[in-house]
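Accompanying notes for the structure given below.
Bear in mind these aren't lab numbers, they're just calculated from the coordinates by the rules spelled out. Here the structure is a predicted model, which means the values were calculated and not measured. Cβ placement follows ideal geometry from the backbone for every residue including glycine, while neighbour counts extend to all protein chains displayed.
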Amino acid sequence: MEHILQFNPQQKGQRAVAIWLLIGVAMIIVQILLGGITRLTGSGLSITEWEVVTGTLPPLNEAAWLEKFSEYQQTPQFRLLNTDFNLPDFKFIFFWEWFHRFWARLIGVVFLVGFVYLSAKRYLKREMVNPLLILFVLGALQGAVGWIMVASGLTGDAVYVKPTRLALHFVLAIGLLCYTFWFALQLLVPARERINSGPVKKGIWLILGLLTLQLLYGALMAGHKAAAVASTWPTINGAWYPDGMGSHQPWLINFIDNTITVHFIHRNLAYLITILIIVWYRKASQEPLSVVAKRYLRWPLLIVVIQVLLGILAVLTSKEIIPNRWGSFEWMAQIHQLTAMFLVLSLVGMLYLFSARRQQA
């Protein structure tokens, strides 16, 4: 990142805006990781209300803790799954959900304070205003979808949030991350470092499209806890095409609600994306590359290999899952999620570098 900064020919104001945006990128990455921890610890339903302002502070005395615990005891998750929970157990899961929400608020504060400061310094140009407004709207939308997701696990006999809403929440977070990163790249990367290559750019779009689908299925894997249904590799429980993939009715529901089908699609999409990135890399390396493109061209290839290996390790360690205990699988799942974000950002960076206007080529 420091290397890119030295290529920036823009004025001090643009650098300040870019650094502010990159701080936002880092904070969004942390927020997504906190979401993963919240999911893996089963903490997401511990706070039963969406208190935008008053929920900033956690309970500050024993009476307040007991009140929050009483509210949690009315949820299906407690009544059907965590009936043995005591107050210390509740405090543990409450912390992760509270911290996840607190960090989201902190991101909002950082963006708002930065916006006011940069506006006062007159560093924000007119053409930056609309993208920044979109950024704020996307952030607010993400918070609203997060609550809709949580609410899906507080009624009926649900003990977890609905996997489809978890997937939507996750993909929207990745979209916010990419949008912020792209905005920063516009301020950091000089025009001379960008080239126009239609075939290479189309290849990146194809990979990003499949990767978006893969992220959706990764979230469905998490929501359905589908890693553990086939903790074997390279086959899926001894078969390349496992039984039961079309067992749900109506048939289309298998693609989002059948754990073995979700597992099969997620695993094989990973292979397809890896092959496409290898082909793309060979094609892109034949282009007349800029200095920055040469330096970072290998990143998607290296990251996707690491990502596949982490996915395999996550599957193999899923047999060791112990409820309410952090172990090898949880570490693999978290690192797998982090690497997925790096892979997306590396491809977004490549898309930006290979998407110069024709007159700049």
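Under the definition of Cα pairs under 8 Å and six or more residues apart, what whole-number percent is the relative contact order of the chain? Mind dumping the intermediate values first?
On the way: 406 pairs, mean separation 82.5, N = 361.
Worked out over the chain, it gives 23 percent.
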- Among SER197, GLY55, ALA333, flag the residue with its Cα farthest along the positive direction of the charge dipole of the chain, charges on Cβ as +1 for Lys/Arg and -1 for Asp/Glu. SER197
- Dipole axis of region 191-361 (+1 Lys, Arg; -1 Asp, Glu on Cβ), positive-most option in PRO300, THR274, ILE312: PRO300
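Could you order the peptides 314-326, 334-346 from most to least packed, using the average number of other C-beta atoms within 10 Å per residue? Each step should come with its number before you reach the end.
Working: 314-326: 15.2, 334-346: 20.2.
Descending mean neighbour count gives 334-346, 314-326.
Can you tell me the dipole magnitude for the chain around its Cα centre, using point charges on the Cβ only (Lys, Arg +1; Asp, Glu -1), in Debye to the nearest 20? Could the numbers behind the result be given before it?
On the way: 29 positive and 17 negative charges, 386 e Å.
With only Lys, Arg, Asp and Glu charged at Cβ, the dipole is about 1860 debye.
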- Task: Over region 191-361, calculate the relative contact order: mean separation of alpha carbon pairs under 8 Å at least 6 apart, over the residue count, as a percent.
- Result: 39
- Crossing angle, helix 12-40 versus the chain [Cα axis fit, 0-90 degrees, rounded to tens]: 30
- Query: Between ALA26 and SER119, 0.36 nm times their residue separation minus their Cα-Cα distance comes to what?
  - Reply: 31.3 nm
- Query: Helix 62-73: angle to the longest alpha-carbon principal axis of the chain, degrees 0 to 90, nearest 10?
  - Reply: 90
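Please find the FRET efficiency linking LEU138 to TRP65, where r is the Cβ-Cβ separation and R0 is fixed at 51 Å, and quote it to the nearest 0.05.
That pair, LEU138 with TRP65, gives E of 0.90.
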- Task: Describe numerically, in nm with one decimal, the distance between label points set 7 Å from Cα along Cα→Cβ at LEU272 and at GLN73.
- Result: 5.0
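With +1 on the Cβ of every Lys and Arg and -1 on the Cβ of every Asp and Glu, and nothing else charged, how large is the dipole of region 1-188 about its Cα centre, in debye rounded to the nearest 20?
Working: 14 positive and 11 negative charges, 187 e Å.
Its charge dipole is roughly 900 debye.
Using the crude model of +1 on Lys and Arg Cβ and -1 on Asp and Glu Cβ, and no other charge, please compute the dipole size for region 97-174 relative to its Cα centre, in debye to 20. Present the calculation step by step, with values, prior to reporting the outcome.
On the way: 8 positive and 3 negative charges, 81 e Å.
Magnitude of the dipole: close to 400 debye.
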- Task: Determine the alpha carbon to alpha carbon distance for each of LYS12/LYS294; LYS12/LYS202; LYS68/LYS162; LYS68/LYS319; LYS121/LYS201; LYS283/LYS319 and list only those over 32 Å.
- Result: LYS12/LYS202; LYS68/LYS319; LYS121/LYS201; LYS283/LYS319
- Item | Calculated FRET value between GLU320 and GLN286, using beta carbons and R₀ = 41 Å, to 0.05 | 0.40
- Note on the structure: Cα convex hull volume per residue for the chain, in Å³, equals 151
- Message: Quick check on packing: order 101-109, 30-38 by the mean number of other C-beta atoms within 10 Å, highest mean leading.
- Response: 30-38, 101-109
- Message: Sequence gap at least 6, Cα distance under 8 Å: using those rules, report the relative contact order of region 1-188 to the nearest whole percent.
- Response: 42
